[in-house]
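For reference, the structure discussed in these notes is given below.
The values are calculated or read from the model by the stated rules, or taken from the named source; none is laboratory data. Just so it is clear, the structure is predicted and the values come from calculations on it, not from any experiment. Cβ sites come from the backbone with ideal geometry, for glycine too, and all protein chains shown count toward neighbours. Accessible surface areas use protein heavy atoms only, side chains included; no ligands, DNA or RNA. Shrake-Rupley method; radii C 1.70, N 1.55, O 1.52, S 1.80 Å.
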Amino acid sequence: RCPYYHLPSNRAQLTLATGNPMPKKSNSAAASAAAAAAIKSSKAPSAAGKAGAANGDAKFIDSIDPEDPEYQRQLMRPAEIKEDLTLMEQRKRVSLILNSEAFRRELEEIVQSQLKTGGAQPASLDALRQLSDLLAPSASSSVAAATTSVLPVNDLRGGDAAAYQPEERLLRCKLAAVYRLVDLHGWSEGIYNHVTARVEGASEHFLINPFGLEYREITAGSLVKIDLAGDIVDRGCTVFGVNKAGWVLHSAIHSARPDIRAIVHLHSNEALAVANSRCGLLPLCPEALAIMDEVAFHDFHGIVSDESERPALIESIGQKATVLLLRHHGVCVCGATLEEAWRRTELLMTAARIQLESLRAAGGPDNLWLPSEAAVAAGKAAAARSGANGWSFGQLEFEAAMRELDGAGYRTGYVYKEPRLRAPEDRPRKPQQPPTPPPEEEEAVAAPAEDEANAPETAQAAEPDPVESAKEEPVGESGTEQSQPAAEEAEKLNFDQSEQQPEV
């Protein structure tokens with residue numbers, strides 16, 4: 001074929017296009033003129049072709065203009081460029097779908113439902129999670145502004161995720177997220193201190209941070225699983241071990257209090273200042289009132305690295321305390337869940353900061369204005385009622401913190417109790433009230449016939465004296481009719497009352 005395929009390249013095609021047989025090869029001028037005439041006639045559409053185009057029966061080749069520059073440019077375009085343009089159009093349509101908010105919400109709902117039910121295979125669930133993480137919106141928040149590059153909290157993928165039970169995977173994600181929250185609040189101290197959590201199951205296993213990673217580097221897969229003696233059961237994805245000296249403190253509390261499943265141990269300046277003061281934690285704010293009855297103290301006996309310190313720690317925390325202030329050392333905040341432990345940590349840090357500011361402003365504890373005993377009791381009672389409406393203590397605040405981390409791109413892997421923040425479309429925003437009838441309808445209801453029947457009751461509601469006179473009039477034989485003067489008086493009273501009634 002010729003480069004311009006609209007020109008015939010042999011006699012048969014030229015004959016079919018023009019309807020005239022092409023003359024045989026000849027060197028004569030007549031043969032050349034005949035060939036040129038045949039080609040010219042093939043370019044010009046025939047009358048039948050024009051009529052067919054008008055009727056919509058024309059072929060595609062009849063609508064092509066060989067002299068069109070755009071048509072010639074497409075003919076000369078390489079096949080690779082044509083394929084690239086086609087792929088670009090397809091990618092554009094796919095991007096519009098992937099970037100739509102409806103598609104993101106539906107994908108997140110599928111991932112959350114599969115995580116809760118556990119029905120999906122690890123490979124398919126991992127693919128859904130990766131796609132959801134890829135499309136996760138990077139919302140601007142205070143946490144995002146403080147971070148330049150974010151290491152995802154949930155790094156359990158493929159075979160790593162299948163190696164753990166669903167409960168342990170979720171616990172690992174939550175514990176790693178708590179380490180990130182501690183670091184973002186400025187309460188971390190390099191690679192030191194610990195946040196531990198008890199693993200669900202018959203065995204006494206616990207999760208702890210590897211000794212060598214900073215809090216901002218800890219992920220769900222890097223956490224180390226150990227037993228009560230501190231021996232490593234699962235090293236995680238790092239080469240680091242466990243700080244045995246730091247585990248002594250946690251193991252003593254975990255062994256003495258089976259109800260405690262999470263412990264946050266910090267060396268923050270605010271908590272240490274309160275622990276070292278003789279007045280202890282003062283009731284200066286609602287945050288302090290919420291945890292005052294759960295605070296205990298432990299005297300300093302050096303770095304807790306010896307097993308001989310365990311009995312003293314167990315005696316100090318007792319069976320009811322959840323906040324253990326270690327004098328000259330730090331603080332241990334406990335909870336039945338990670339949500340409880342984190343919420344109590346927030347309350348303690350806020351109360352300690354307010355107490356330090358108050359002491360600095362007052363010039364000492366003698367100038368502080370303390371609340372009365374009744375106010376303290378009321379504040380404690382209000383704090384005890386927190387966690388209602390289906391939310392346990394600390395769960396609502398922890399879920400809000402997880403939303404902030406996910407919005408900043410941390411990819412916590414947390415399974416939200418309420419993944420949807422907006423109410424359903426069909427739920428009414430306000431309680432529906434019966435419509436108030438207009439004043440015209442109210443006046444129309446008060447007809448003269450009804451006024452005669454309801455005159456005694458209306459008169460009794462308006463003024464007592466005319467009502468008494470109306471009651472003293474004798475009734476008819478049926479017992480329901482009134483005398484004429486009493487009815488007229490009641491009707492007059494009803495009219496006066498309607499005149500004085502304000503407009504609706």
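Scanning region 185-209 for residues that are open to solvent by 10 Å² or more (accessible area, probe 1.4 Å) and in a strand (DSSP E or B) gives Glu189, Tyr192, Arg198, His205.
Consider Leu325 carefully, then state whether it is at pLDDT 95 or above and outside any helix (DSSP H, G or I). Taking the combined requirement at face value, the residue satisfies it. Taken over region 393-412, the criterion of being touching a helix residue (DSSP H, G or I) at 6+ places or on another chain (Cβ under 7 Å) and within 19 Å of Ala262 (Cα to Cα) is satisfied by Phe393, Gly394, Gln395, Glu397, Phe398, Ala401, Met402, Thr412. One residue alone among Arg353, Arg360, Arg385 is under 18 Å from Val295 (Cα atoms), open to solvent by 40 Å² or more (accessible area, probe 1.4 Å) and not hydroxyl-bearing (Ser, Thr, Tyr), and that residue is Arg353.
Of the residues making up region 390-422, those that are more than 16 Å from Leu175 (Cα to Cα) and among the basic types (Lys, Arg) are Lys417, Arg420, Arg422. Every condition in (1) modelled with pLDDT of 90 or more; (2) surrounded by 16 or more Cβ atoms within 10 Å (Cβ to Cβ) is met by Asp451 except one, and the failing one is (1). The residue list Leu115, Leu151, Leu128, Leu170 contains one member that is in a helix (DSSP H, G or I) and modelled with pLDDT of 80 or more, which is Leu170. Taking each residue of region 371-398 that is modelled with pLDDT of 85 or more and looking for partners that are charged (D, E, K, R) with beta-carbon atoms closer than 6 Å, six or more apart or interchain, yields Phe393/Glu340; Gly394/Glu339; Gly394/Glu340; Gly394/Arg343; Gln395/Glu339; Glu397/Arg343; Phe398/Glu339.
Filtering Ile232, Ile226 for residues that are free of Cβ contacts under 8 Å to residues at least 12 places away in the same chain and over 21 Å from Tyr410 (Cα atoms) leaves a single hit, Ile232.
Under the condition of being modelled with pLDDT under 80 and assigned to a helix (DSSP H, G or I), the residues counted in region 75-101 number 2.
Results for (1) open to solvent by 40 Å² or more (accessible area, probe 1.4 Å); (2) in contact with a Gly (Cβ under 7 Å, 6 or more places away or on another chain); (3) part of a helix (DSSP H, G or I); (4) within 24 Å of Arg180 (Cβ to Cβ), shown as yes or no for each residue.
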{"position": "Phe211", "(1), (2), (3), (4)": "yes, yes, no, yes"}
{"position": "Lys225", "(1), (2), (3), (4)": "no, no, no, yes"}
{"position": "Gly241", "(1), (2), (3), (4)": "no, no, no, yes"}
{"position": "Ala252", "(1), (2), (3), (4)": "no, no, yes, no"}
{"position": "Ser255", "(1), (2), (3), (4)": "yes, no, yes, no"}
{"position": "Val264", "(1), (2), (3), (4)": "no, no, no, yes"}
{"position": "Cys279", "(1), (2), (3), (4)": "yes, no, no, no"}
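Total residues in region 281-317 satisfying the condition of being in a helix (DSSP H, G or I), open to solvent by 40 Å² or more (accessible area, probe 1.4 Å) and not aliphatic (A, V, I, L, M): the figure is 9. Scanning region 363-379 for residues that are outside any helix (DSSP H, G or I) and exposed (fewer than 15 other Cβ atoms within 10 Å of the Cβ) returns Gly363, Gly364, Trp369, Leu370, Ser372. Among residues of region 275-298 that are touching a residue at least 12 places away in the same chain (Cβ under 8 Å), those with a beta-carbon under 8 Å from a residue that is of a type in the set (Val, Ile, Thr) and part of a loop (DSSP other than H, G, I, E, B) at least six positions away or on a different chain give the pairs Ile291/Thr322; Glu294/Thr322.
Taking region 386-419 as the range and being over 18 Å from Thr345 (Cβ atoms) and assigned to a helix (DSSP H, G or I) as the test, the residues that pass are Arg403, Asp406, Gly407.
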